[in-house]
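Below is one structure; the comments refer to it alone.
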There are 2 protein chains.
Amino acid sequence: MDWLDSVLWNDAGLVPAIAQDRVSGEVLTLAWMNRDALARTAQTRLAHYWSRSRGRLWQKGEQSGHVQRVQEIRLDCDSDAVLLVVEQEGGIACHTGRRRCFFQRLDGDAWRAVEPVLKDPKAIYGK
Amino acid sequence: MDWLDSVLWNDAGLVPAIAQDRVSGEVLTLAWMNRDALARTAQTRLAHYWSRSRGRLWQKGEQSGHVQRVQEIRLDCDSDAVLLVVEQEGGIACHTGRRRCFFQRLDGDAWRAVEPVLKDPKAIYGK
């Protein structure tokens, strides 16, 4: 059986995929993969995801250059979640220019942005 | 505005929630939360999730005793994914008796279980 058949894709044909920094251990991103995205990720060792908003496959960093080089691909006990251990090119995983997407922390009853913007998104995306 | 209103719940009223071990940095689990689960998690500092298979709220460890004590709650840039930094009671997060749920690693074209069972699930759940 194809290893891709072991994954329990949801009704939309997707599975959530966590990317974790190999060096710092930080959880960088949670994105979504379809079968093609996971296949390409395994083949190229560069993280590929399915954009639900844009309705298309994308390679992480295709515009920004902030690619994720994949060291390890894991699947959970229920086979419905993927974990990538990655080397994050440029040290910036988030489209806001921060190290990682999980930069809002709950303090009391409010979310606070607790990580700095390292690079202006306009400079990253050339907009 | 209520901090819970900032979360972008999906069509089923859920958001994926990653639990990461505070000490080892390991990604332990990916589960789902509804609004009530996140509220209770923040209030009690014990991880609560929504079980999609059982259709009910549950406290992680309610049966096994393997509770997750929550040190930090984070939200990502799109406000549609949660990260919990936790202390994992008993050092076992997975219902299979392993440290964590992400124990299947892709080796070539096959998933291999690469983490040992620390405790027989029958002993954990008393079945």
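Can you tell me which residues in the range B:97-110 are under 28 Å from B:Val67 (Cα atoms), open to solvent by 40 Å² or more (accessible area, probe 1.4 Å) and within 7 Å of chain A (Cβ to nearest Cβ)?
Kept after step one, since they are under 28 Å from B:Val67 (Cα atoms), are these residues of the range B:97-110: B:97-105.
After this cut, where a residue has to be open to solvent by 40 Å² or more (accessible area, probe 1.4 Å) as well, the list is B:99, B:105.
Across the range B:97-110, the qualifying residue is only B:Arg105.
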Determine which member of the set A:Leu28, A:Leu14 is under 10 Å from the mean Cα position of the chain (by Cα) and either exposed (fewer than 15 other Cβ atoms within 10 Å of the Cβ) or within 19 Å of B:Val15 (Cα to Cα) (or both).
A:Leu28
Taking the options B:Val82, B:Val86, B:Val70, name whichever one is among the aliphatic types (A, V, I, L, M), more than 9 Å from chain A (Cβ to nearest Cβ), within 20 Å of A:Asp107 (Cβ to Cβ) and touching a helix residue (DSSP H, G or I) at 6+ places or on another chain (Cβ under 9 Å).
B:Val70
Positions within the range A:30-42 being of a type outside the set (A, V, I, L, M), facing chain B (nearest Cβ under 10 Å) and in contact with a Phe, Trp or Tyr (Cβ under 8 Å, 6 or more places away or on another chain), in sequence order
A:Trp32
Of B:Asp5, B:Asp21, which residue is more than 22 Å from A:Leu28 (Cβ to Cβ) and within 11 Å of chain A (Cβ to nearest Cβ)?
B:Asp5
What's the number of the only condition in (1) at negative phi; (2) modelled with pLDDT of 95 or more; (3) surrounded by fewer than 16 Cβ atoms within 10 Å (Cβ to Cβ) that B:His48 fails to meet?
(3)
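Go through the range A:87-121 and report how many residues are among the acidic types (Asp, Glu) and in a strand (DSSP E or B). Let's see the steps before the verdict.
Looking only at the range A:87-121, we keep the residues that are among the acidic types (Asp, Glu), and these are A:87, A:89, A:107, A:109, A:115, A:120.
Next, from what is left, pick out any that are in a strand (DSSP E or B): A:87, A:107.
Final tally of qualifying residues: 2.
The values are calculated or read from the model by the stated rules, or taken from the named source; none is laboratory data. Since the structure is predicted, the reported quantities are computational estimates derived from the model, not experimental observations. Every residue, glycine among them, receives a Cβ derived from its backbone with ideal geometry; neighbour counts consider all protein chains shown. To get the accessible areas, we keep the full protein, side chains included, count just its heavy atoms, and leave off ligands, DNA and RNA. Shrake-Rupley method; radii C 1.70, N 1.55, O 1.52, S 1.80 Å.
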